[in-house]
Amino acid sequence: MAETESPVPSTPARSDRSPWNWLLVIPIVVPLLTPLFNHDSPRLWGFPAFYWLQFLFILVGVATTSVVYRMTRR
Amino acid sequence: MSDHITEIIVFSFLFLLVSAIGFVAARWRAPKDMAHLDEWGLGGRSFGGWITWFLVGGDLYTAYTFVAVPALIFGAGAAGFFAVPYTVIIYPLFFLILIRLWSVSHRHGFVTPADFVRTRFDSPTLALLVAITGIVATMPYIALQLVGIEAVLKTMGVTGDSMLARHAPIIIAFAILAAYTYQSGLRAPALIAFVKDTLIYIVIIVAVIYLPYKLGGWGDIFAAADKKFQGTPAPNDGILLNANNQIQYITLALGSALALFLYPHSITGVLASKNRNVIKRNMSALPAYSFLLGLIALLGYMAISAGIKPLPGAKEGTLDSNTVVPLLFDQKFPSWFAGVAFAAIGIGALVPAAIMSIAAANLFTRNIYKEYLKRDATHAQEAQVSKIASLVVKVGAVAFIVFLDPQFSIDLQLIGGVIILQTAPAVAIGLYTRWLHRGALITGWAAGMGLALWMLWQIPNAVTKRAHFGGSAFPLSEFGFDTKKTIYVGFVAVAVNLIVAVLATFFLRTMKTPEGVDGTTPDDYFADEGDPRIEKTPTTVDTVSST
């Protein structure tokens, strides 16, 4: 009866399944793809790409978990 | 010693301050009845967002990490930066997997991962293996926190030459820690974590702004590091990875992330939070510590740039690379601020040491004492046994450091990370499916353990010139591949563990070996705050014996 907020059809039993969860694959897989970031250039404030890109992945992790949390909140 | 007097005063003052906080913590959010393992061992399962953030942050990012990661960067360069991807990967894994453990534990009153395995797979033996693996993996980790404090004390020059003088400050520090953990349980590290992390954040923010300014900027720092690595004969160092250590980097980051979330102390931190949303929100907030860790790691390069020479190690002719960061602070900061920095590291050792000893004590109480020694133990008895066990664990950790070469603890911690991974099929996969047979999980565990220990035994260390347990990077050439590439031992071992478990499951199914009764229902894995607790019923024993 109550209107559902999520685009996912609600199931009778509780579940943590959600298509949004797939977003979490990004922060698990991307930091492991070394060919992607194992470079010296471009440098940022003197940091080789290897370092500042991996710092950037931390922000990617924060962004994705925040989005998934918001979208899957009951 | 006299030239460090300001540092020693600041350090001692802050150390005594947190000790006082540790004792007061027993009255913080005081429960009606402390004589219950939920209260002493899990802080009443009531921690909200902020407390959980400080507690889990203080728990996962230990003093040893703060000292050893930059030391690794100092020695090997880019390979040591694995700590950053490792602490990025871990949070989505917590988010997806560990949250289920929180729910099912909330519902059934589980205190340890072995409690869950016991009920899920109806196998006290498997639970015992998980508990023992957890205790064995945690013990050296506690000892390593002492290595972190020792690096600071050594730099301040307060460690004498005789065995007693060398260890007296650590013994005193741990005695105080043991006393307030005994009294306040998990509330003590939770409250101290506020002080510890505030200090760490201040120190590191100052360090990453002030030190590059003194050292000529980040460009110069990386250039100095590059020059050092170019000049060394070691093939696998450098400010970037090379063709041979990338697989190691990837598997080490992934393997360490999986191991970290299976460690009993991380699970204790998570189970202490009050609901699912607290955990989920924290998974977005905890990476702030990963950022901090990345900056701390780079202190290793700053130490190179500043021309730091590590202090001599315990044995003649060795260097204690763990002293590079304390030395960097000592030489570049005004002495009062160096004192604050040292206190941050010292206190940083106490929080995880307290949580780890509580986690190990809970494993002993729930999965050995209650399971095998006194089945009808009351809640008060459980809490009492756990308190005493936490003391024993700490005495053991101090004994490790005092009587054995600290290198031994480092080796054991390395082994610890690898063996704790072997509980992944039972604990992590068990949260999703019960398809793997309990007997198969035991077989897989044994196979993974055996292989892991054999592989670690095969690895020599060129720097310390030892033939065995020299690291976790296993040369693939040992498996007959014609390559110089290396891989993380734990990763191979857990893969084999899983394959054996799957094959054995097929076999045991064919043989129609009994699988036991699952004590959980699918809905338990989504339970949240407010859902009723299932009072523990010792169903399995009676039902199994009557069939």
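The table below lists the values:
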quantity	calculated
Top-ranked residue of the range A:31-41 - restricted to ones that are in contact (Cβ under 8 Å) with a residue 12 or more places away in the chain and buried (at least 17 other Cβ atoms within 10 Å of the Cβ), ranked as farthest from the other protein chains (Cβ to nearest Cβ)	A:Phe37
Verdict on B:Thr133 being within 19 Å of B:Ile8 (Cβ to Cβ) and either hydrophobic (A, V, I, L, M, F, W, C) or buried (at least 20 other Cβ atoms within 10 Å of the Cβ) (or both)	no
Options B:Arg100, B:Arg107; residue that is facing chain A (nearest Cβ under 10 Å), among the charged types (D, E, K, R) and under 24 Å from B:Glu515 (Cβ atoms)	B:Arg100
Condition met for B:Ala224 (farther than 26 Å from B:Ile200 by Cβ, more than 11 Å from every other protein chain (Cβ to nearest Cβ) and touching a residue at least 40 places away in the same chain (Cβ under 8 Å))	no
Hits in the range B:174-194 - residues which are under 20 Å from the mean Cα position of the chain (by Cα) and assigned to a helix (DSSP H, G or I)	B:Phe174, B:Leu177, B:Ala178, B:Thr181, B:Arg187, B:Ala188, B:Pro189, B:Ala190, B:Leu191, B:Ile192, B:Ala193, B:Phe194
Filtered residues of the range A:42-74 (kept if out of contact with any Lys or Arg (no Cβ under 9 Å at 6 or more places or on another chain), facing chain B (nearest Cβ under 8 Å) and not hydrophobic (A, V, I, L, M, F, W, C))	A:Arg43, A:Gly46, A:Pro48, A:Tyr51, A:Gln54, A:Gly61, A:Thr64
Elements of type helices (runs of 4 or more DSSP H) contained in the range B:243-323, each with 3 or more residues being crowded, with 24+ Cβ neighbours inside 10 Å and more than 9 Å from every other protein chain (Cβ to nearest Cβ)	B:246-262, B:264-271, B:287-305
The range B:19-67, residues that are farther than 15 Å from B:Ala349 by Cα and either touching a His at 6+ places or on another chain (Cβ under 6 Å) or hydroxyl-bearing (Ser, Thr, Tyr) (or both)	B:His36, B:Ser46, B:Thr52
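Residues checked against (1) modelled with pLDDT under 80; (2) farther than 29 Å from B:Leu260 by Cα; (3) among the aromatic types (Phe, Trp, Tyr):
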position	(1), (2), (3)
B:Thr138	no, no, no
B:Val152	no, no, no
B:Ser162	yes, yes, no
B:Phe174	no, no, yes
B:Tyr180	no, no, yes
B:Arg187	no, no, no
B:Leu191	no, no, no
B:Ile202	no, no, no
B:Phe222	no, yes, yes
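The values are calculated or read from the model by the stated rules, or taken from the named source; none is laboratory data. Just so it is clear, the structure is predicted and the values come from calculations on it, not from any experiment. Here the Cβ is made from the backbone with ideal geometry for all residues, glycine too, and neighbour counts use every protein chain on show.
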